[in-house]
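Notes follow once the structure below has been shown.
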Amino acid sequence: MNFAFSIQDVLGVLPEIIIALGACAMLILDLFLERDKKEWVAYLGIFVVILAAIASWCLINTAEPYVMGRMMVIDNYSLFFKFTFYLATILTLLLSINYAKSADLDYRGEFYTLMIFSLCGMLVMASGSNLITIYLGIELMALPIYVLVGFLKNDTRSNEGAMKYVILGGFASGLLLYGMSLIYGLTGTTDLAGINAALSAGTVSPVILTLSIVLMAAGFCFKLAGFPFHMWAPDAYQAAPTPVTAFMAVASKGAAFAAIVRVFLEALYPAYAEWQMILAVIAVLSMFYGNTVAIMQTNIKRMLAYSSIGHAGYALLGLVAGTGEGSAAIMFYILVYTLMNLGAFAVIIMMRKTGKVAGDSIYDYKGLAKNNKVVALVMLIFLFSLAGIPPMAGFMGKLYIFMALINQGYIILAVLGILTTAIAAFFYIRIVLFMYMKEPEGEFDLVKSCALYIVIAISVIGVILLGVVPGSLMELASKAALLL
Amino acid sequence: MLIEYILFIIFAVIAIMSSLCVVTLRNPVHCAGYLIVTLLQVAALFLLCRSPFLAVVQVFIYVGAVLVLFLFVVLLIDVKKASMEIFKPKHRPLAYGVLAILLIETLVVIFVGGLEKIRLAAPGAEVKVETIGRELFTSYIFPFEIVSVVLLVAMVGAIVMAIDRRG
């Protein structure tokens, strides 16, 4: 499968090239900056991401989606995810600037740069149309995050979280690779369309195929923190610097979904009957486990970690539906999830009292509404959206997922999903209760930073707008969704 | 063919025995030694699959680089203290349970999976280094470049983790 290298190939992966080169430029810029001017690295990062976004914008509706000898595909599906990742990265960088400064992190320049490198991996995951590129994208995405989780080097908990994440992450990569190599052994190709063709021919051993599907599902579900592959998530989320937690929760999970949906729908669709049950079980267990265990948490980052396990379950249901409608619902859900989660994390960072890394307890929110009405109100909006209460966007996201399920006749799964939503409402609304119904126990000393206000403003507008008028975006997602 | 079959059995048995030693022995140096034996056997298996390049790479990278580095690290720490803890007695039933499940799964795959019917996508002729190089820099140029970025990230990450700027 030789291919003639052309300018088209370079243009197709231009966003990835811009991000990789931009990250190198950030490393170099970091060398020339004084310790208290490191935020310029982050500003350069934002500029680089915007450049890449422009390059991606020019690639919408390209005539020749397959580039680099079918290693990458530049379809609207991948571009939709890429824009979600650009948004998530820009917002996370904005969240980080103030945090990194007040926590007095060492290696602040590298802190921002590693996020941009991770973004590069996510872009590759969204666009990869070959198991090799997808796997390498996953590694490129995960490696910087391992380092970022352990960034608070003098905090033993941060070390522990990073250690767990690295070891279990390596283990999951091994499972994923084993599954991929079995698929290669069965079909003789790593190209997604080629795998689909070989599976459709129907000459492969069903037992080995099931084994490889189980292994790949386990590997991917680790990356998107689905039960029972979630063990690393609560510790890593709690231990990581808060902006990194936000980044992990939204962007790396989104990238894992971009890849799993493409692999399972584009390559493994002929084996739909085999994987649909496996994923349905993982999704239902994730919803129940994540949302019930979250009730017992008193640390808000840990609570959001368990809630993110539940959200992974909801989004997986879209894949279980196995239709273009389901994948469009996942795309919409991931975007909404990104906005509402980043908004909630922005408020958490705001609550961090000066000089103290803690302040993550849910009891800290008691009486917030008394003197800080606006902050309490936006937190309420994000929490209601996470719980899936209309008219916030979180409700529309869940609605589309459940509609995709019901249209395929999976009524029971939809009912189970709605049931867990009711459980989940409890722990989100408990924080709202603390904010509005309790007396404050002390003075609130909120972080005032322009960057945080921007993040919160964008998230609030997004969450409300997508909740009230989701139609046009959903239409975009449906057009971009994978065709079967 | 018969000779190859016998060789395969020999290499595979030694590989499994030595990898059992890797996980059961207490002294990290002995474990590393047996890991070298295991990896050499795997390299021999690659040779039987007609991929001399993979065999050589296996020896260079794993035996030559990774394990030597590992032994250096072991030299720097106190081996007596570092000798590994085995499972606590109360965790043993769980470990045995998982082992039993894995064993059953493996047996099912071997005997019910129809392994004998699978045509593996084996290369027709012996794979030359030149072919691999050509493929790597034409068809697989993009993954190759991603790997270079991954290595850069690994380097930056290692520096960030290892060096304490405040002394």
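The values are calculated or read from the model by the stated rules, or taken from the named source; none is laboratory data. Bear in mind the structure is a predicted one, so any value in this text is a computation, not a measurement. Heads up, the Cβs are rebuilt from the backbone with ideal geometry, glycines too, and the neighbour counts pull from every protein chain shown. Ligands, DNA and RNA are stripped out before the accessible areas are found, and what is left, the full protein with its side chains, is counted by its heavy atoms. Shrake-Rupley method; radii C 1.70, N 1.55, O 1.52, S 1.80 Å.
Data table
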{"item": "Nearby aspartates and glutamates by direct alpha-carbon distance to A:K398 (threshold 14 angstrom, same-chain neighbours under 8 apart not counted)", "result": "A:E325"}
{"item": "Accessible surface, 1.4 Å probe, highest first, among residues A:K37, A:K479, A:K366, A:K82", "result": "A:K479, A:K37, A:K366, A:K82"}
{"item": "Protection proxy ranking of B:141-147, A:200-206 - average other beta-carbon atoms within 10 Å, highest first", "result": "B:141-147, A:200-206"}
{"item": "Shielding score for A:113-124, defined as the mean number of other chain Cβ atoms within 10 Å", "result": "2"}
{"item": "Rg in Å to one decimal, and Dmax rounded to a whole Å, for segment A:119-197 via C-alpha atoms", "result": "15.4, 52"}
{"item": "Binned Cα-Cα distances of the protein assembly as shown, short to long, each 20 Å bin given as a whole percent", "result": "18, 52, 28, 2, 0"}
{"item": "A:Y66 accessible area, assembled protein chains, probe 1.4 Å, Å²", "result": "80 Å²"}
{"item": "Segment A:330-484: equivalent-ellipsoid semi-axes (sqrt of 5 x gyration tensor eigenvalues, Cα, Å)", "result": "32, 18, 12"}
{"item": "Candidate residues A:W40, A:W275: accessible-area rank, largest first, probe 1.4 Å", "result": "A:W40, A:W275"}
{"item": "Relative packing of A:161-167, B:93-99, which averages over residues the other C-beta atoms within 10 Å, highest first", "result": "A:161-167, B:93-99"}
{"item": "Entries in A:K38/A:K373; A:K301/A:K370; A:K223/A:K438; A:K164/A:K366 that, when Cα-Cα distance is taken, lie over 27 Å", "result": "A:K38/A:K373; A:K223/A:K438; A:K164/A:K366"}
{"item": "Residue order for A:E139, A:E64 - accessible surface, 1.4 angstrom probe, largest first", "result": "A:E64, A:E139"}
{"item": "Radius, Kirkwood style, for segment B:1-79 when every pair of distinct Cα atoms is counted (Å)", "result": "13.3 Å"}
{"item": "Degrees, to the nearest 10: A:324-351 long Cα axis against longest axis of chain A", "result": "20 degrees"}
{"item": "Partner chain coverage, peptide A:22-28 - average Cβ within 10 angstrom", "result": "1"}
